[in-house]
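The block underneath contains the structure these notes are about, expressed in structure tokens.
The values are calculated or read from the model by the stated rules, or taken from the named source; none is laboratory data. A quick note: this is a predicted structure, and the numbers were derived from the prediction, not measured. Here Cβ is always computed from backbone atoms with ideal geometry, including for glycine, and neighbour counts include all displayed protein chains. Side chains are part of the model used for accessible areas, which takes the heavy atoms of the whole protein and leaves out ligands, DNA and RNA. Shrake-Rupley method; radii C 1.70, N 1.55, O 1.52, S 1.80 Å.
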Amino acid sequence: MLTHSDYQAPEGFAALPTAIHHASTVLFKDVAAMRARHWQDKSAYTYGLHGTPTSFTLEARLAEIEQGEYCLLAPSGLAAITLVDMALLQAGDDVLLPDNVYNPNRELGDWLARSFGISARYYNPLIGAGIADLIEANTKLIWTEAPGSVSMEVPDIPAICSAAHAKGVLVAIDNTWSGGIAFAAFEHGVDIVMQALTKYQSGGSDVLMGAVITRDQALNVRLQAAHMRLGFGVGMDDAYLVLRNLPTLKLRFDAHDASARKVAGWLQSRPEINKILHPAFPDCPGHDTWKRDFTGAGGLFSVLFDARYSEVQTDQFVNNLKLFKIGYSWGGAHSLCVPYRIAQMRKDWSHEGILVRFNIGLESTEDLIADIEQALARLA
Ligand SMILES: *Cc1c(COP(=O)(O)O)cnc(C)c1O
């Protein structure tokens, strides 16, 4: 009685939210049905790790938003990056990454190079068509990130893709900054889109999840095989939280975007700030590419303080902020601020001044600007 019950809930329930289907074990009606079912076939179910109606629905929605065909979920954005590398690279291969790449992606690249016989090389994110000169016979994958999420250079994705495809190399993009809605990655030529759903899609600073989206069936089959072997499952409660927040994705993204441009515009006129690294502002490397290819900007940008301020002073500025909390990530309702030791993260950093990154949340911009103003005033 504690384990088995004859009760069946009545049929015909209808509601707007996607139901949360938890499962490790999936049931088959008989052995023949079990043997006939293939884990890669998404028209049916085999085991919780390969999906339930909840995760299948989230995958389909994300593929639609990115204008792709196939989607696989991973337990974090970084796990989604790992999935792409494990599916497409083997010993003897070469991968190219932008020098401004999300730092854990660089850690992974260096690890693949140190321990797995793969070479990982870094290129100037503004290289454009010049990437052709770096492609070797064993280059299998080029990572891009648009823009780099700390220093904000906007790469010329169509130029990189044309050069890569001319030599039969696949291009993956970390499209997290655009939320999948301000940059049509496939239309601009990429083969694989990676998203950290941890950011805008979940929107609540409470979920870790990633996605890999493709248009090409054969490519999806390779990714699916790696996904199965790595055992990358996600929790259905988390999948539900992302589904729950997708309908407001564009509203939230546009609100972050408008507020970030207001705050960045105000910072631009301040003598303490040397450069605004926001793709919609002319100081930002790749600004013209952003204008050509993107339809929005979201809430994340960085500034370079005037070179007269030391790190001790800019750290104090960050400590003196009250509404802006100190913490990584973005895409939630709360504004965040993080100083970066950017020169230590990069091979080719030549700018002066301390870099501080802002994530503009959903608070009132007047309050945010007043907060920054009081912290700048205490810099003197
Ligand atoms: C946050 C982030 C990731 C990784 O996402 P996690 O879910 O935190 O692992 C990858 N790329 C970018 C650009 C990110 O901001």
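Just to be sure before I move on: is Pro104 open to solvent by 20 Å² or more (accessible area, probe 1.4 Å) and within 12 Å of the ligand (Cβ to nearest atom) in the structure I sent?
Spelling it out, Pro104 is indeed open to solvent by 20 Å² or more (accessible area, probe 1.4 Å) and within 12 Å of the ligand (Cβ to nearest atom).
Quick test for you: out of Leu197, Leu223, Leu208, pick the one residue that is in contact with a strand residue (DSSP E or B) (Cβ under 9 Å, 6 or more places away or on another chain), at pLDDT 95 or above and open to solvent by 20 Å² or more (accessible area, probe 1.4 Å).
Leu208
What's the number of the only condition in (1) open to solvent by less than 40 Å² (accessible area, probe 1.4 Å); (2) over 22 Å from Ser205 (Cα atoms); (3) free of Cβ contacts under 8 Å to residues at least 12 places away in the same chain that Gly327 fails to meet?
(2)
Would segment 158-165 turn up any residue that is open to solvent by 10 Å² or more (accessible area, probe 1.4 Å) and either within 16 Å of the ligand (Cβ to nearest atom) or within 18 Å of the chain's Cα centre (by Cα) (or both)?
No, segment 158-165 contains no residue that is open to solvent by 10 Å² or more (accessible area, probe 1.4 Å) and either within 16 Å of the ligand (Cβ to nearest atom) or within 18 Å of the chain's Cα centre (by Cα) (or both).
Cβ-Cβ under 6 Å, sequence separation 6+ or interchain: first residue in segment 102-118 and at positive phi and outside any helix (DSSP H, G or I), partner modelled with pLDDT of 95 or more and open to solvent by 50 Å² or more (accessible area, probe 1.4 Å). Which pairs?
Hits for this filter: Gly117/Ala91.
Against the conditions (1) more than 27 Å from the chain's Cα centre (by Cα); (2) part of a loop (DSSP other than H, G, I, E, B); (3) of a type outside the set (A, V, I, L, M, F, W, C); (4) modelled with pLDDT of 95 or more, where does Ser43 fall short? Just the number, please.
The one condition Ser43 does not meet is (4).
Six or more apart or on different chains, Cβ atoms under 6 Å: show the pairs whose first residue is in segment 14-42 and within 17 Å of Pro53 (Cβ to Cβ) and whose second is of a type in the set (Phe, Trp, Tyr).
Pairs found: Ile20/Tyr240; Val26/Tyr45; Val26/Tyr47.
All but one of (1) more than 23 Å from Gln201 (Cα to Cα); (2) open to solvent by 30 Å² or more (accessible area, probe 1.4 Å); (3) without any contact (Cβ under 8 Å) to a residue 60 or more places away in the chain hold for Ser364, so report the exception by its number.
(1)
Identify, please: which residue in segment 166-194 is under 18 Å from His256 (Cα atoms) and open to solvent by less than 10 Å² (accessible area, probe 1.4 Å) and is, among those, nearest to the ligand (Cβ to nearest atom)?
The first filter runs over segment 166-194 and keeps only residues under 18 Å from His256 (Cα atoms), leaving 175-183.
Restricting the remaining residues to those that are open to solvent by less than 10 Å² (accessible area, probe 1.4 Å) gives 175-180, 182-183.
Details: Asn175: 9, Thr176: 4, Trp177: 6, Ser178: 10, Gly179: 11, Gly180: 12, Ala182: 14, Phe183: 13 Å.
Only one residue fits best here, namely Thr176.
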